[in-house]
Amino acid sequence: MSWWRLPDRVPFGLRVFFRGAFALLACATLALAIHVLQDEKQRSHRNYQDGLLKNQAQIAALLRHPTGQLALLNPGSAEQAVTPLRPLVLPFSAIDFDDKAKAQQAVEMAGCHVQYPDSASLCVAVGNNPYAGGFLYLIGSFISGDLASHAPGELDFRGAHRVQIEVAMRGRTLRWIAPFERLDDGNAPGVRGRLTGYSADVPVTHGTRSVRDFRGYLWQDGRCLDPGVDTADCKRRSFLSVRLPVEVFRDALFQKRPVWPPPDLDQILTRLQVLAPGEGPPLFDSNAPDAVRPFSLADLRPLLLPGETLRVRRLAADGRTPSPDLFTLKGVIDDDERGSPWMDRLVRRLPVQGYDTPIESREVIATPLGRYELTLTGDVRTVNRNLAAVATRVSWFVGAMLLAVVLTWLAIEVRIIRRITLLTRRAATVSTGMRAAEGLARIDLSDLRGGDELGVLAQGLQDLLQRVNEDVRREQIRAEQEKDMWQAVGHEIMSPLQSLMALHGSADDPSHRYINRMQHAVRVLYGHASPSEAFDATTLQLQSVDINEFLAHVAGNAPYTGIDEVVFEPLSQAVPVRADEYSLEDVVTHVLRNADRYRPPGSPIRITLDASDATQARVVIHNPGPPVPEDMLEKIFEYGVSDQDDSAALGHRGQGLFVARTYMAKMGGTITARNDTDGVAFVLVLQRAGGVGARG
């Protein structure tokens, strides 16, 4: 039989307790992990909501800054190539281009600079107010040596630093060239000059005029970029500011309702080159590669958490008319942080209050060109994914804990519970072995011995069983000796009784009846190891006996047995019952001897017969004397029960009432004892005769 299987009728409470404890521990570990996971989901959901609001506030604060407003006013700039440059709409109406500090501050605050690898920068933009003039602003900086100035009246510009500008729009290409003309600033550090613009589409002659609305200035810092180089040959940063007139823009201003900014502003291509004296390559070219675009709405993507969506749309003037989204950004989902599918399903099934409510936050940004609505929408599935990813990593620890519980349980099962099961099963066979014919329990506990507690217990049980088996063997030997003794005694007694039967063979002889009773008693006990076994194995021959006549005969012969004052008043009719005459006489005699022992000297023992019931007869034997304790009314009929400590020495073995109840049961009757007010009464109930037969 496998040790996993419970043996028949072997106690298993301890095993159920151990296994239930480990099962409860495993369930508690899982329940704790799921509870913590649900609590973390609730916390993550709450933190995600708070983080979404903070993120919305951060994005809104960034877009309210001029840099953010620049991104709002130019939502499509992120989708276009950086070069060639396209004009951007500034959050300012115009730029004070002839003031270096103000122009520089304006473009730096707006963040419209396009950065180049050689530390150059350039901002091409228009103001947000059409009535400030339809001008195109080009403001930037570059690195160069000392600036060479153009001499007034010189028709060849190649001897000086110059700026060349191209603007391609609406199928036309406009070109300007502006040489640097130094202005005297007194003792001010650095170099300052203007850029005089000429149309590059026509040759410059003595009569050529400069473009009237073209304004440009160029400043060079007096400090060297590298302090360790001689100041005469060092590189310095130069800052240029150009206001470029665009006739198409100016023509649109004369309309009644000018559209500003122009709808094709993102299709206007602008190029600016700074040329050094001579025919060499330009010092700076706005179409140079690796240019870095200014801040745009696309740069907000890193601020979005995975699953978040930012939508930007411009509100109508009435605030009700819906408008399409100008821009939509979605947070990047990190595929590296993916949990296992089963953990993801578990996290999704965990109930969290308010988890199904959409998470959305709105903010309105006011700009000079209108109001913009920002809608930041969260995705709670991100919480599930992130939590599932974390839970997947932590699940290894939970799995390790469960594995430790299971391994501990298996270790206890193999090391302790299995041995307890074997010990219990083998101990359960002890009772079966003791009830066997030989009465010996043969079990082997040698495989369960050891140095631990169970091993000591198994060793002790083995030694105890060995001692019990030795005692049982001695008891069997003694019983065999007693059986031989009883057989010998019975053989020696039967021979004189046969002789007496020959001397008193007449049925009229009173001694004949008592000799028969003696032979019957010897036959009952002959061949048995103990009197109780002999009485239990007796087979009675039931016949019809007149109990009325029988009791009269017993009362009359009682003085011959040493029992005086037995009183019985016979009834007037015969009362036949089913009984064995000799066994019934033994029953009545045992009860009379018990009554004689406890009655006061000289008091009568009364026998009464009640035949009022047609199915049974009741015989009551009453004697005055002390009552029987209530707890002994049933025990006095057990074998060996006596109220005298030395009953065996006095010839009282406590078997008289046991024999009486045994014989009454075999005759289909009963015998009970009761306490009356003046003594004790034994009630014998016999079945009325209707047929006879043998009863075992």
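Computed quantities for the displayed model
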read-out	value
At R0 = 30 Å, FRET efficiency that the Cβ-Cβ distance of Asp99 and Val292 yields, to 0.05	0.65
Gain upon complete extension [Arg175, Gln267; 0.36 nm per residue less C-alpha separation]	31.4 nm
Backbone N under 20 Å from the Ala574 label point (7 Å along Cα→Cβ), restricted to the stretch 663-686	686
Neighbourhood charge, 15 Å Cβ-Cβ cut-off, centred on Val211 and excluding it, Lys, Arg +1 and Asp, Glu -1	+3
Burial ranking of peptide ranges 545-552, 613-620 (average Cβ count within 10 Å, highest at the top)	545-552, 613-620
Potential lengthening between Thr208 and Gln541 on full extension [0.36 nm per residue; Cα-Cα distance subtracted]	103.5 nm
Net charge over other residues, Cβ less than 10 angstrom from the Cβ of Thr608 (K, R count +1; D, E count -1)	0
For Arg215, distant residues with modelled amide H under 5 Å away	Arg243
Length released on extending from Thr377 to Asp226, taking residue separation times 0.36 nm less the Cα-Cα span	49.4 nm
Separation of the Arg64 and Ala132 label points, Cα + 7 Å toward Cβ, nm	2.2 nm
Kirkwood Rh (inverse of mean 1/r, distinct Cα pairs), the stretch 537-695, angstrom	16.0 Å
Summed side-chain charge close to Pro87 - residues other than Pro87 whose Cβ falls under 11 Å, Lys, Arg +1, Asp, Glu -1	-1
Theoretical FRET efficiency, 1/(1+(r/R0)^6), r = Cβ-Cβ of Arg688 and Asp471, R0 35 Å, to 0.05	0.10
Residues listed by number, the stretch 273-300, amide nitrogen under 13 Å from Arg158 label point at 7 Å toward C-beta	276-281
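Read-outs throughout are calculated quantities, based only on the coordinates presented, and are distinct from any laboratory measurement. Given the structure is predicted, the values throughout are model-derived calculations rather than measurements. Note that we place each Cβ from the backbone using ideal geometry, even for glycine, and neighbour counts take in every protein chain shown.
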